[in-house]
Structures are given as structure tokens and as C-alpha cells.
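The values are calculated or read from the model by the stated rules, or taken from the named source; none is laboratory data. In this text, all values refer to a predicted model and were calculated from it rather than measured experimentally. In this analysis, Cβ positions are derived from the backbone assuming ideal geometry, glycine residues included, and neighbour counts consider all displayed protein chains.
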Amino acid sequence: MTQHDGARRYATHADAAPEFHTWTGKARGWLLNRLPPEKLLPEDQPSYVASWIYVFGMGALVSLVFVIVSGLLLSLNGPSWYHLSSLGHFVNSTHLWSVELLFITMVVHLWGKFWMAAWRGGRALTWITGVFSFLVSIVAAFTGYLLQTNFDSQWIAFEGKDALNASGIGAWFNVADLGQIFMWHIVLLPLAVGAIVVLHVVLVRVHGVVPPLDAAETDAQLQSPHPGSEKS
């Protein structure tokens, strides 16, 4: 039995007996109704997804994976390792260039979807989560810059601390406290970015990728009656 057959059998059973008596059954029914397997892991995609503009979102996801893996290695070995070891230098450079690639792909993806009006068709929350993931990533990159533990990072930390203190968040986001910045960079902010990105991808699966504007206009013209086809 294939996965599609299992989903159909479950849907048929749900139509026959839609009531669930446990929270796990209700949760399973809710998930399968909104995110069936053929949506979560689709086998086919529309032809317009072959356009390059749709590649940058996946490029951002791949870059994020490299950022997380290289950052995990850096956090396990510490600053002395990535300052003094040749392998540490390599992993540190990999982490840096993964972040650079992440922001390049995110910016292109963000602007591309802006000009494509990606919030169409009930995709407003998908667009909002994408924007928030970009904003939180900026803060994560800033804390990573402070963790270089060199003169450049020390300079920008003490240049920025007065502005943060003046805004009232210096007590919770103290850029001069290296231990606190470690906590923000390797725990709190990665969890926030990861959670938002997962939600973003799930929403893309639920609503599908946004079609180009001209494709949407063509679909609307095909669905609307021709001017001369009305019956008197």
C-alpha cells in the first residue's frame, strides 16, 4: 500500500467517523487535514518552479544548514581552537562564508518574493515569517561578529553598547558581556531562527509556492467568462 492510499483510507475513515476521543487522535486528524503527506513531501511541482527565482529560498536553507553545523563545531571547541588551530581557521572561515551566502540568498529571495507579491492567496503569514527570519538572522549575525574576540569585535561592542543602553535593552542584551553574547548566539537566537524557518517552510507546504503574477492573471482570465459568452 502506498502512502497516498493510506492517506485516502484515513480520509475515508474520517468521513465515516469524524469524532476523535483523544487529544492525539484530534491532533492527527488536524494535521492530516491541513498538511497531508502529498503536501508535506510533494512529488511534483508546477512548471514555473523551474525559474531561478525559486532557487534562492532553497539556497538559503542549505546555507543555514552549513551555518548550524560549522557553528556547532566552533562552540564545542571554543575561541582558542578557531584562533590558533589550522582546522579551526578553516571551520571558522566556513562558518563566515556560509553566513555571507545565507544573507545573499535571503536578500534575493526576500526582494524576489516582494516583487512577486508573495502574500497573495492567503500567504500573508508565510511572507511575515520570512521577513521575521531575516530580521532575527541580522541580530544573530551581529552577536556572531562580537564573538570573534578580536580588536574589531571589541571596538564595535563598546561603540554599540551606549546605544543599546539608551534604548533600555542593555540589561538584557549586554554586548560587553562575552558570556551573555555566547548564550544569545549559540542558544537563543539559533532556536528562534530555526523555529521561524520551520514554520515558514511548513506554511509554504500548506499553501504551495506562489505563482508568478502573469500566471495568476492567466488563470483568472481562463476562469472568468468571455465578454460575449453571457446568455441573454
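What the table below lists for this structure:
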read-out	value
Leading residue by the ranking (nearest to N92 (Cα to Cα)) among those in region 150-175 that are polar (S, T, N, Q) and either surrounded by fewer than 16 Cβ atoms within 10 Å (Cβ to Cβ) or in contact with a strand residue (DSSP E or B) (Cβ under 6 Å, 6 or more places away or on another chain) (or both)	N150
Residue in region 27-84 that is modelled with the lowest pLDDT, counting only those that are in a helix (DSSP H, G or I), among the small types (G, A, S) and touching a Pro at 6+ places or on another chain (Cβ under 9 Å)	G29
Every pair of residues 6+ apart whose Cβ atoms lie under 7 Å, when the first sits in region 162-180 and is within 15 Å of L146 (Cβ to Cβ) while the second is at pLDDT below 85	L164/G170; V175/G160
Residue list for region 152-162, filter: closer than 16 Å to F173 by Cβ and of a type outside the set (D, E)	S153, I156, A157, F158, G160, K161
Search result, residues across region 99-151 that are farther than 30 Å from N174 by Cβ and either assigned to a loop (DSSP other than H, G, I, E, B) or of a type in the set (F, W, Y) (or both)	W111, F114, W115, M116, A117, A118, W119, R120, G121, G122, R123, W127
Residue count, region 139-155 (criterion: hydrophobic (A, V, I, L, M, F, W, C) and without any contact (Cβ under 8 Å) to a residue 12 or more places away in the chain)	3
Every residue from region 151-170 that is touching a helix residue (DSSP H, G or I) at 6+ places or on another chain (Cβ under 8 Å) and more than 23 Å from H83 (Cβ to Cβ)	G170
Filter result (among the small types (G, A, S), outside any loop (DSSP other than H, G, I, E, B) and either under 24 Å from V131 (Cα atoms) or at pLDDT 90 or above (or both)) within region 178-214	A192, G194, A195
